[in-house]
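The values are calculated or read from the model by the stated rules, or taken from the named source; none is laboratory data. Quick caveat: nothing in here was measured; it's all calculated off a predicted structure. All Cβ positions, even for glycine, are placed from backbone atoms using ideal geometry, and neighbour counts span all protein chains on display. Areas reflect the complete protein model, heavy atoms only, side chains present, ligands, DNA and RNA absent. Shrake-Rupley method; radii C 1.70, N 1.55, O 1.52, S 1.80 Å.
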Amino acid sequence: MSASELFDRIANEIYQQGYCVIRNALPEALGVALASEVRSLPEESFSRAGIGRQADHKNIEAIRRDEICWIDQSTTAGRDWLLWADGLQQALNRRLFLGLFSFESHYAHYRAGDFYKVHLDAFRGQQNRVLTVVTYLNPDWTDADGGELLIYPEKSNKPLLSVKPEFGTLVVFLSEEFPHEVLPTMTDRYSIAGWYRINTSDSNRVDPEL
């Protein structure tokens, strides 16, 4: 599948149902480079993830136990990933007129026993994250390894989808509409989580913050 075909499929499924899950979507060479990089990063590059933003940010291990490392353009793999994400952003803006303005993303490392309880990536009217993107960097993942992503309808506690964190699988969904969680993993689990944001700047505030 070409990048144009992939981006068309993502746009169509977001338009029709608000989410999409596509196996083997990430270009293989890019996935291999990212998978290699995340495993080679020094331990001090990662920090314990929390919940909330800025002054409301808290580390609550009963809710979330992964470690994260923000991705920038300081490495070849990071630059290539951000370039790919920019291509998707432009395609979605052309097809769906979402007004996506910026993108932020991080590596996530879940050690054995780690999880992330049910949450939303954005709350209506309170944040400017519009679209969530997740991709997985785990070759040879098995059912016994756990760590599935569960996605829920907005007003139900029955999962809509269960996604295995298999290498190259791409998940995209509307950030305000789909609660989701990561089930406990039985082994090291690596992924990238990212968010496209809109620009809500006004005369008194710059958002997204620089």
Looking only at region 84-141, which residues are polar (S, T, N, Q) and closer than 30 Å to THR187 by Cβ? SER105, THR132, THR135, ASN138
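Filter region 64-103 down to the residues that are assigned to a loop (DSSP other than H, G, I, E, B) and surrounded by fewer than 16 Cβ atoms within 10 Å (Cβ to Cβ) and list them by number.
Here is the first cut: in region 64-103, the ones assigned to a loop (DSSP other than H, G, I, E, B) are 65-66, 71-75, 97-101.
ASP72, GLN73, SER74, THR75, PHE97, GLY99, listed by residue number.
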Mind checking which pairs have a first residue in region 54-71 that is modelled with pLDDT under 85 and a second that is in a loop (DSSP other than H, G, I, E, B), Cβ under 6 Å, 6 or more apart or different chains? HIS57/GLY50; LYS58/GLY50; LYS58/GLY52; ASN59/GLY50
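Within region 17-50, restricting attention to residues that are polar (S, T, N, Q) and in a helix (DSSP H, G or I), which residue is least open to solvent (accessible area, probe 1.4 Å)?
SER45
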Within region 150-175, count every residue that is of a type in the set (A, V, I, L, M) and assigned to a loop (DSSP other than H, G, I, E, B). 1
From the set of residues in region 111-167 that are farther than 17 Å from VAL182 by Cα and touching a strand residue (DSSP E or B) at 6+ places or on another chain (Cβ under 9 Å), which is most open to solvent (accessible area, probe 1.4 Å)? GLN127
Condition set under 13 Å from LEU98 (Cα atoms) and not in a strand (DSSP E or B), scope region 176-199, selection least open to solvent (accessible area, probe 1.4 Å): answer is ILE198
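Does ALA112 satisfy being under 25 Å from LEU92 (Cβ atoms) and either of a type in the set (Phe, Trp, Tyr) or modelled with pLDDT of 95 or more (or both)? Steps first, please.
Numbers: under 25 Å from LEU92 (Cβ atoms): no; either of a type in the set (Phe, Trp, Tyr) or modelled with pLDDT of 95 or more (or both): yes.
Spelling it out, it is not the case that ALA112 is under 25 Å from LEU92 (Cβ atoms) and either of a type in the set (Phe, Trp, Tyr) or modelled with pLDDT of 95 or more (or both).
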